[in-house]
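Student: So that we are looking at the same thing, I have put the structure below in structure tokens.
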Amino acid sequence: MRIGIVCHPTYGGSGVMATELGNFLAKKGHVIHVISHSMPVRLNPFHGNINFHEVYIDPYPLFHHQPYEVALASAIVETVKREKLDVLHVHYAIPHAYAAYMATQILKDQNIIIPFITTLHGTDITLVGKNPAYKPAVSFSINHSSYVTAVSESLKKDTEDLFDVKNLIEVIPNFVNLKGYDRKTKDKRQYFAKDNETIFCHVSNFRPVKRVLDVIKVFKKVQDQRNSILIMVGDGPDRNIAEKLSRDLGIWDKVIFRGKTYDVQSMLGISDIFLLPSSTESFGLSALEAMASHVPVIASNVGGLSEVVDHNKNGFLENIGDVESMAEDALSLIDSKEKMINFSKSAREKAESFSMNEISQRYLELYQKLIDEK
Ligand code: GMT
């Protein structure tokens, strides 16, 4: 198949999932064309079946905001025609579903019919999408997509509650390429921690929704009682206040801010406990990646996280902001080697039920069905 993928290229989970899917399908022999405003971080540039098309906008002084959706729709039209694409898969409704709809209408005008699948990821519905400034356009694009998928049952429900949805929404959960995740404890752990220290890890784009201050607060409570260090992976608007809080709390030397890194797998591979205290999380791809690395997760009980983490089995789910309970959960793992081993084993087993091999097959079947119905 010749597949077009449209995604945000940044460190957000939707871009990660879109590019991992592209990398995997390319290996299976499908031709992938990724369209975005810059090269997605995890896209494999060395595979012959992977092509990248940058949407470039020449800044023009008349425009207060550069019209990205128009440029994107035009890039989709050109790529579909030139590369003879069979199907389009757009990740994150804003502005991708809207631009894809426009592109398909322009193509239809030239007698070219191409189906497009919209995959909803979370904040495109729960935060930004429901904003009245975008809602009518998001609603329209969902209802005019050839097919709509959501990454969790929770997100499907939120979408149906918040929008007047006419389409069926199929849940195809996020997945993880299990091969890349494993324990790398022996060789790399020593660079970050002493033998007697527990390594905590948090990975995100440090947006307010991630509640990174709670990560620091949980860690402080644990650090007061047990030797530990915290690795903060990623970057974003709340990084400064998180750094300040760790200085104010006197744990600056125990919190390592790594910034954006390509090698999330190694970071997870040396970690013992993953913290994700978000205020909303449609799925929590970073939690799944941690679990694939055998790392138990302590998270808030929101959105789709309960579809990923089993409370008291491979992690803990607590109320939003309940840093006290989260710290107690962590201490219970640190203080019982047996519990830590069981949780870690169960985390990996749960991650195996989200294997990329099986879940990507569901997308392929969907693409084929839509192509056949064209
Ligand atoms: O969570 C983010 O800040 C990024 C965002 C994205 O779209 O890039 O993540 C959303 O999509 C991920 C992939 O499907 C999900 O795993 C995340 O849970 C979801 N984030 C939220 O719902 C807050």
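Student: Can you pull out the strands (runs of 3 or more DSSP E) entirely within the range 1-85 that have at least 3 residues that are free of Cβ contacts under 8 Å to residues at least 60 places away in the same chain and in contact with a helix residue (DSSP H, G or I) (Cβ under 8 Å, 6 or more places away or on another chain)? Walk me through how you get there before you give the answer.
Tutor: Details: elements: 2-6, 31-36, 50-54.
By residue number, 31-36, 50-54.
Student: Filter the range 231-258 for residues that are within 16 Å of the ligand (Cβ to nearest atom) and either in a helix (DSSP H, G or I) or open to solvent by less than 40 Å² (accessible area, probe 1.4 Å) (or both) and give the result. Before the answer, list the steps.
Tutor: Here is the first cut: in the range 231-258, the residues within 16 Å of the ligand (Cβ to nearest atom) are 232-239, 242.
Hits for the range 231-258 are Met232, Val233, Gly234, Gly236, Asp238, Arg239, Ala242.
Student: Just to verify a result, which residue in the range 336-357, among those that are of a type in the set (Asp, Glu) and over 18 Å from the mean Cα position of the chain (by Cα), is surrounded by the most Cβ atoms within 10 Å (Cβ to Cβ)? Spell out the reasoning first.
Tutor: Step one: of the range 336-357, the residues of a type in the set (Asp, Glu) are 338, 349, 352.
Now narrow it down to the ones that are over 18 Å from the mean Cα position of the chain (by Cα): 338, 349.
Working: Glu338: 7, Glu349: 14.
Restricting to residues being of a type in the set (Asp, Glu) and over 18 Å from the mean Cα position of the chain (by Cα), the top hit is Glu349.
Student: Filter the range 211-229 down to residues that are in a strand (DSSP E or B) and either more than 18 Å from Asp335 (Cβ to Cβ) or modelled with pLDDT under 95 (or both), then give me how many there are. Let's see the steps before the verdict.
Tutor: Step one: list which residues in the range 211-229 are in a strand (DSSP E or B), which gives 228-229.
Narrowing the set further to residues that are either more than 18 Å from Asp335 (Cβ to Cβ) or modelled with pLDDT under 95 (or both) leaves none.
Of the residues in the range 211-229, 0 are in a strand (DSSP E or B) and either more than 18 Å from Asp335 (Cβ to Cβ) or modelled with pLDDT under 95 (or both).
Student: Something else about it: Quick check on the range 184-206: of everything there that is assigned to a loop (DSSP other than H, G, I, E, B) and open to solvent by 30 Å² or more (accessible area, probe 1.4 Å), which residue is nearest to the ligand (Cβ to nearest atom)?
Tutor: We begin by selecting, within the range 184-206, every residue assigned to a loop (DSSP other than H, G, I, E, B); these are 184, 192-197, 204-206.
Okay, now just the ones that are also open to solvent by 30 Å² or more (accessible area, probe 1.4 Å), so 184, 192, 194-196, 205.
Details: Lys184: 23, Phe192: 25, Lys194: 32, Asp195: 33, Asn196: 33, Asn205: 5 Å.
For the range 184-206, the residue satisfying everything is Asn205.
Student: In the range 107-133, how many are within 16 Å of the ligand (Cβ to nearest atom) and buried (at least 17 other Cβ atoms within 10 Å of the Cβ)? Explain how you work it out, then say what you get.
Tutor: Restricting attention to the range 107-133, the residues satisfying the condition of being within 16 Å of the ligand (Cβ to nearest atom) are 117-131.
Now drop any that are not buried (at least 17 other Cβ atoms within 10 Å of the Cβ), which leaves 117-126, 129-130.
Looking only at that region, the number is 12.
Student: Restricting to the range 164-183, name every residue that is assigned to a loop (DSSP other than H, G, I, E, B), open to solvent by 10 Å² or more (accessible area, probe 1.4 Å) and away from the ligand (no atom under 13 Å from the Cβ).
Tutor: Selection gives Asp164, Val165, Lys166, Asn167, Leu168, Asn177, Asp182, Arg183.
The values are calculated or read from the model by the stated rules, or taken from the named source; none is laboratory data. As the structure is a computational prediction, the values presented were derived from the model and not from experiment. Cβ atoms come from the backbone with ideal geometry, glycine included; neighbour counts cover every protein chain shown. Note: areas computed on protein heavy atoms with side chains; ligands, DNA, RNA excluded. Shrake-Rupley method; radii C 1.70, N 1.55, O 1.52, S 1.80 Å.
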